[in-house]
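The values are calculated or read from the model by the stated rules, or taken from the named source; none is laboratory data. This structure is a prediction, so every number in the text was calculated from the model and none was measured. Positions of Cβ are generated from backbone atoms using ideal geometry, with glycine treated the same way; all protein chains shown enter the neighbour counts.
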Amino acid sequence: MAALLEHEPDLDLVAVAPTVNQLLQSGIELDLVVLDLRLSDGSSPRANVVTLHDHGLNVLVLTSGDDRYLIRSAAKGGVLGVVLKSEPPAVALDAIREAAAGRPVVTIDWAAAIDSDPELHEVQLTDRQREVLALYASGEKAASVARRTNLSVETVNDYLGRIRRKYAEVGRPAPTKMDLYKRALEDGWLPLPRKRRTRSHDGG
């Protein structure tokens, strides 16, 4: 980004941060946030976009585009556009200027990622249902979810039943806990799984 904006007198790079929370903690006044989809804390693109919107900030995504799920997740959060890092500098600069002015940046890659979603129908969940889903799908048992949310186990199971019915109604069945985990990831209610690091060893 620094190299891209170095010779653009109308564009200033005023802050760089590894996570959205650290960016917001800096307290620097911003006109636009250019967001990468994979951050060091493994956070959900959708959650990051929603958080930035809650602080009154517009968001443009700049990504390698190798994972269309991530693009769909960000799009559901309401970004102004998605630009690939492989695009010529002029394309990225035009997109930044448009987004900084609050105008949407519609690209073929962004549209293709959204249109290719085989499960485009989103389930509308209440805040409480999303909380229960996120805890349960991340590995907690119903009793543990009940303790953490101050609900009864019966109420938690009732919420889970309603959530499963909602997903089934839009053609995205989630009969198992693993299915619920996948749905929560798809809809951006859970942080992204971290990529595993592998180490090679010389057998000599």
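Out of region 167-181, which residues are in contact with a Lys or Arg (Cβ under 9 Å, 6 or more places away or on another chain) and either charged (D, E, K, R) or within 22 Å of S43 (Cβ to Cβ) (or both)?
Selection gives R172, D179, L180.
Could you tell me whether any residue of region 129-149 is in a helix (DSSP H, G or I), farther than 25 Å from V50 by Cβ and modelled with pLDDT under 80?
So far as region 129-149 goes, no, none of its residues is in a helix (DSSP H, G or I), farther than 25 Å from V50 by Cβ and modelled with pLDDT under 80.
How about region 150-184: which of its residues are part of a loop (DSSP other than H, G, I, E, B) and either at negative phi or among the β-branched types (V, I, T) (or both)?
L151, S152, V170, R172, P173, A174, P175, T176, listed by residue number.
So for region 69-79 (the condition being surrounded by fewer than 22 Cβ atoms within 10 Å (Cβ to Cβ), in contact with a Gly (Cβ under 8 Å, 6 or more places away or on another chain) and under 19 Å from G188 (Cα atoms)), does at least one residue qualify?
yes
Using the structure shown, decide if L23 is touching a strand residue (DSSP E or B) at 6+ places or on another chain (Cβ under 8 Å) and assigned to a helix (DSSP H, G or I).
yes
Matching residues to (1) closer than 20 Å to M1 by Cβ; (2) modelled with pLDDT under 80; (3) not in a helix (DSSP H, G or I); (4) not assigned by TED's automatic domain parsing to the domain that holds A15:
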{"position": "V50", "(1), (2), (3), (4)": "no, no, no, no"}
{"position": "Y69", "(1), (2), (3), (4)": "no, yes, no, no"}
{"position": "V79", "(1), (2), (3), (4)": "yes, no, yes, no"}
{"position": "S86", "(1), (2), (3), (4)": "yes, no, yes, no"}
{"position": "A90", "(1), (2), (3), (4)": "yes, no, no, no"}
{"position": "R97", "(1), (2), (3), (4)": "yes, no, no, no"}
{"position": "A111", "(1), (2), (3), (4)": "no, yes, no, no"}
